[in-house]
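Undergrad: Just passing along the structure, written as structure tokens.
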DNA sequence: CGGGACTCCTGCCAGC
DNA sequence: TGCTGGCAGGAGTCCC
């Protein structure tokens, strides 16, 4: 599920439940996820109140009354389920649990259960366990190894053609790979990179540096790319993200943006660009699928 | 150093 | 029907 729009959707779902509430009990079903849980993890969460729930790139950061920050990454398959005090899942759509009693009988991939004040409960589920959780000492967020090298926040003020030109200048890596690199832009994943490249009519195999002029400024294609990234993320966010194989929001409501994909997972289908007449193709780059229309996605300026 | 391959893990689905 | 291989929204680590 989770690229930036999905993580932000989860953040918005969790925020009203989590923020301002005390964590009463944390139950871990295993020693860790992709990384081991930090020492005394449950103990350091219990009794603390969540004062804010922020997002940086694809990370959720829950700030705690102890001054520590609870860092969460959903990996490929991580998700939260919110269980309301009456035992029923909160929100709309389909749910993993029907009652609080079911929630106690946890599934094999429910790794963390969090009991909050007022009878609210969160379950973290992650079949592939590519997610992670950590605790960050007070004041140490900026120097955390997983956060310190993150690049531009793609919906933030820094996201402009000038800044990106500086980051891409001289890069020989394919544009697709550069946009997936979280040290350059932090928050894009495979879906939204494919969709943004399509909208900007840029080739995923062009060298990233080819979008930068000799003098170091952005070519027109890079200007288009900045707009395309902002637009596709904004639209995806408004649709509650994309849901492919599981549930999107922690309130159980699936995202709807997958209905608007132009290229992702559409290999063999007709290009949606009016008058193009091309066909969407699948290509493997660095072990990951790229979906694109070779007919209308070309390198260059304009 | 930059860039690509490999790795972690489980589930699902197309194809035989 | 049942097995197998390939593929999946991520990203750190290794090696050239």
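Values quoted throughout were computed directly from the atomic coordinates according to the rules given, and no laboratory measurement underlies them. Everything numeric in this text was worked out from a predicted model, so none of it was measured. Neighbour counts are summed over all protein chains in view; Cβ atoms, including those assigned to glycine, are modelled from backbone coordinates with ideal geometry.
Undergrad: Round to the nearest 0.05 the FRET efficiency obtained for residue A:153 and residue A:260 when R0 = 22 Å and r is the Cβ-Cβ distance.
TA: Plugging the Cβ-Cβ distance into 1/(1 + (r/R0)^6) gives 0.45.
Undergrad: OK, next. With an 8 Å cut-off on Cα pairs and a minimum separation of 6 or more residues, tell me the relative contact order of chain A in percent.
TA: 19 percent
Undergrad: Then there is this: For chain A, what does the helix formula give at 222 nm: sum of -39500 (n - 2.57) over DSSP H segments with n ≥ 4, over the residue count, nearest 500 deg cm²/dmol?
TA: Mean residue ellipticity, 222 nm, calculated: -6500 deg cm²/dmol.
Undergrad: Now for a different question. Dividing the Cα convex hull volume of segment A:130-259 by residue count, how many Å³ per residue is that?
TA: Hull volume normalised by residue count: 139 Å³.
Undergrad: Find how much the distance from residue A:220 to residue A:298 grows on full extension, using 0.36 nm per residue of separation minus their present alpha carbon separation; answer in nm with one decimal.
TA: Separation in residues times 0.36 nm, less the Cα-Cα distance, equals 26.8 nm.
Undergrad: Given a Förster radius of 45 Å and the C-beta distance between residue A:43 and residue A:162 as r, what FRET efficiency does 1/(1 + (r/R0)^6) yield to the nearest 0.05?
TA: 0.45
Undergrad: Specify the angular offset, from 0 to 90 degrees and rounded to the nearest 10, of the alpha carbon long axis of helix A:220-238 from the longest principal axis of the alpha carbons in chain A.
TA: Around 30 degrees separate the two axes.
Undergrad: Calculate how steeply helix A:190-199 sits against the longest principal axis of the alpha-carbon atoms of chain A, using the helix alpha-carbon long axis, and give the answer as 0 to 90 degrees to the nearest 10.
TA: On a 0 to 90 degree scale, this one is about 30.
Undergrad: Continuing with this model, one more query. Using a 10 Å cut-off around each Cβ, can you sort A:110, A:149 from fewest to most neighbouring Cβ atoms? Each step should come with its number before you reach the end.
TA: On the way: A:110 19, A:149 10.
Least crowded to most crowded, the residues run A:149, A:110.
Undergrad: Can I ask one more? If each of residue A:128 and residue A:66 carries a label point 7 Å out from its Cα toward its Cβ, how far apart are those two points in nm?
TA: Spacing of the two 7 Å Cα→Cβ label points: 3.1 nm.
Undergrad: Given the Cα-Cα distance of residue A:272 and residue A:231 and 0.36 nm per residue of separation, how much length would full extension add, in nm?
TA: 13.1 nm
Undergrad: On a 0 to 90 degree scale, rounded to 10, what angle separates helix A:4-18 from the longest Cα axis of chain A?
TA: Orientation of helix A:4-18: about 20 degrees from the principal axis.
Undergrad: Okay, next question. So if I restrict to the alpha-carbon atoms in segment A:152-194, what is the Rg, and what is Dmax, the biggest pairwise distance, in Å?
TA: According to the Cα coordinates of segment A:152-194, Rg and Dmax are 9.9, 26 Å.
Undergrad: Please tell me the relative contact order of segment A:187-302 in percent, rounded to the nearest whole number, where contacts are Cα pairs under 8 Å and at least six residues apart.
TA: Result for segment A:187-302 is 32 percent.
Undergrad: Also: Given labels modelled 7 Å from the Cα in the Cβ direction, how far is it in nm from residue A:140 to residue A:182?
TA: About 1.8 nm, to one decimal.
Undergrad: Starting with the fewest neighbours, write out A:171, A:176, A:58 ranked by other beta-carbon atoms found within 10 Å of each beta-carbon.
TA: Values: A:171 18, A:176 24, A:58 21.
Fewest to most other Cβ atoms nearby, the residues stand as A:171, A:58, A:176.
Undergrad: Tell me the volume per residue, in Å³, of the convex hull enclosing the alpha carbons of segment A:116-164.
TA: 181 Å³
Undergrad: So if we plug the beta-carbon distance of residue A:52 and residue A:22 into 1/(1 + (r/R0)^6) with R0 = 22 Å, what FRET efficiency do we get, rounded to 0.05?
TA: 0.95
Undergrad: Something else now. Over the Cα atoms of chain A, compute the convex hull volume and normalise it per residue, giving Å³.
TA: Enclosed volume per residue, from the Cα hull, is 129 Å³.
Undergrad: When only C-alpha pairs under 8 Å and at least 6 residues apart count, what is the relative contact order of segment A:113-199, in percent?
TA: Once normalised by length, the contact order is 22 percent.
Undergrad: To make sure I understand, if each residue's beta carbon is the centre and we count other beta carbons within 10 Å, what order do A:27, A:134 fall in, fewest to most?
TA: The order, fewest Cβ neighbours first, is A:27, A:134.
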